[in-house]
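*Asks:* The structure that follows is given in the form of structure tokens.
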Amino acid sequence: MTEYYIPTAHSEAELIEKRSRFIGQVWRVSSEEEARAHIEETRKKHYNARHNCWCYRIREDGTERYSDDGEPQGTAGQPMLNVFQRENVTNVVCVVTRYFGGVLLGAGGLVRAYTQSAKDALDASGISVVRRWVAMEVPCAYAQFEEVRREVLRYGGVEENTDYGVDVLLSVLIPEERSARFAAHLLDTSAGTIEVLEAGERLRDVPWREPPGGAPISAK
């Protein structure tokens, strides 16, 4: 399965540029109808704002839409959409509300402000990766605990839970194409003392972050 990226949660971020107030919001959505509902909700909430510019991307049918909502053509909706295209984030809708502050920003200033507002809202939301994972239980001694955690990150995995008893039991999710190698690696480097147990497969989203040292090891 090909992984894809979505917003983690609804977010809001505010930017002041030459007395104009920009309020950027991001939501996770799964359809155009849902995206447009958030746009209309924002228009009603900020009915007295000068502009409510928006964009959205829907993965399932490849739909991409945007609106400058009265700003000069090409200065708002498209620059906002570009933020999500660059970050490869889909199933997302973003609305940037502008309360005019009395000072004209010019085309370049508008592009920068709307781009920054969309990026700030996405940063506040966070990005999650959707993919198929193998749930694994990793029993280890306390002396091995930190090294096991580093290996989970190195293989692109995430921790779900940790039980502390006589020994430690980590519940982790590992990308399905790396799970066998992860288990074999821990068994080998621990001289046979860490035997990983599989606990089923899951298709879900988890917050994405760079592992220490950059990208996780490849699946090859």
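Any read-out appearing in this document is the output of simple, stated calculations on the displayed coordinates, not a laboratory observation. Everything numeric here is computed off the predicted structure, so don't read it as measured data. Methodologically, a virtual Cβ is constructed for each residue, glycine included, from the backbone with ideal geometry; neighbour enumeration extends over all protein chains shown.
*Asks:* Quick one: putting +1 on the C-beta of Lys and Arg, -1 on the C-beta of Asp and Glu, what dipole do you get for the chain around its Cα centre, in Debye to the nearest 20?
*Replies:* For the chain, the charge dipole is close to 1100 debye.
*Asks:* While we're on this one: For helix 179-189, report the angle its Cα long axis makes with the longest principal axis of the Cα atoms of the chain; keep it between 0 and 90° and round to the nearest 10°.
*Replies:* Around 50 degrees separate the two axes.
*Asks:* Cut-off is 10 Å between beta-carbons; in what order do M80, M136 appear when sorted fewest neighbours first?
*Replies:* Least to most surrounded, the residues fall as M136, M80.
*Asks:* Amide H of E160: which non-local residues (sequence gap of 5 or more, or other chain) have their own amide H closer than 5 Å, using H built in the peptide plane?
*Replies:* Here S171, V172, L173 satisfy the definition.
*Asks:* Kindly give Rg over Rh for the chain, based on alpha-carbon atoms, with the Kirkwood expression for the hydrodynamic radius.
*Replies:* Rounded to two decimals, Rg over Rh is 1.13.
*Asks:* OK, next. Sequence gap at least 6, Cα distance under 8 Å: using those rules, report the relative contact order of the range 6-137 to the nearest whole percent.
*Replies:* 38 percent.
*Asks:* Taking only Cα atoms, what is the 0 to 90° angle, nearest 10, from helix 32-45's long axis to the longest principal axis of the chain?
*Replies:* On a 0 to 90 degree scale, this one is about 50.
*Asks:* Using the Kirkwood radius built from alpha carbon pairs, what does the Stokes-Einstein equation give as D for the range 115-159 at 20 °C and 1.002 mPa s, in µm² per second?
*Replies:* The diffusion coefficient I find is 160 µm²/s.
*Asks:* For the range 1-97, count all C-alpha to C-alpha pairs, find those more than 18 Å apart, and express that count as a whole percent of the total.
*Replies:* 43 percent
*Asks:* Same structure again: Apply the Karplus parameterisation 6.51 cos²θ - 1.76 cosθ + 1.60, with θ equal to phi minus 60°, to every residue of the range 94-111 and state each ³J(HN,Hα) to the nearest whole Hz, in sequence, with x for glycine and proline.
*Replies:* Values per residue, Gly and Pro as x: 10, 10, 10, 8, 10, 9, 5, x, x, 10, 5, 9, x, 4, x, x, 5, 4 Hz.
*Asks:* Amide H to amide H under 5 Å from G101: which residues, 5+ apart in sequence or cross-chain, H placed 1.01 Å off N in plane?
*Replies:* S20, R21
*Asks:* Using the alpha carbons of the range 116-211, what is the convex hull volume per residue in cubic angstrom, as a whole number?
*Replies:* In the range 116-211, the Cα hull volume divided by residue count equals 103 Å³.
*Asks:* Using the Cα centre as the reference, give the magnitude of the dipole from point charges on the C-beta atoms of the range 4-125 (Lys, Arg: +1; Asp, Glu: -1; all else neutral), rounded to the nearest 20 debye.
*Replies:* Using only the charged Cβ atoms, the result is roughly 440 debye.
*Asks:* While we're on this one: With a cut-off of 8 Å between alpha carbons and a minimum separation of six or more residues, what is the relative contact order of the chain in percent?
*Replies:* 23 percent
*Asks:* Another one. Rounded to the nearest 500, what is the chain's calculated 222 nm mean residue ellipticity when only DSSP H runs of at least 4 contribute -39500 (n - 2.57) each, over all residues?
*Replies:* -9500 deg cm²/dmol
*Asks:* Check Y4: other-chain or 5+ apart residues with amide H under 5 Å from its amide H, H built from backbone geometry?
*Replies:* Placed amide hydrogens put V130 under 5 Å from Y4.
*Asks:* What's the angle, to the nearest 10 degrees (0 to 90), between helix 145-154's Cα axis and the longest principal axis of the chain?
*Replies:* The helix 145-154 is inclined about 50 degrees to the chain.
*Asks:* Starting from the 7 Å offset along Cα-to-Cβ, what nm value, one decimal, do you get for the label separation of R112 and E176?
*Replies:* Result for the modelled spin labels: 4.7 nm.
*Asks:* Turning to a different aspect of this structure: Just grab the label-to-label distance for R19 and D167, each label 7 Å out from Cα along the Cβ direction, in nm (one decimal).
*Replies:* 6.9 nm
*Asks:* Just going by the charge dipole of the range 100-220, with Lys and Arg at +1 and Asp and Glu at -1 on Cβ, which of Y164, H185, V196 is farthest out on the positive end?
*Replies:* Checked the options; the winner is H185.
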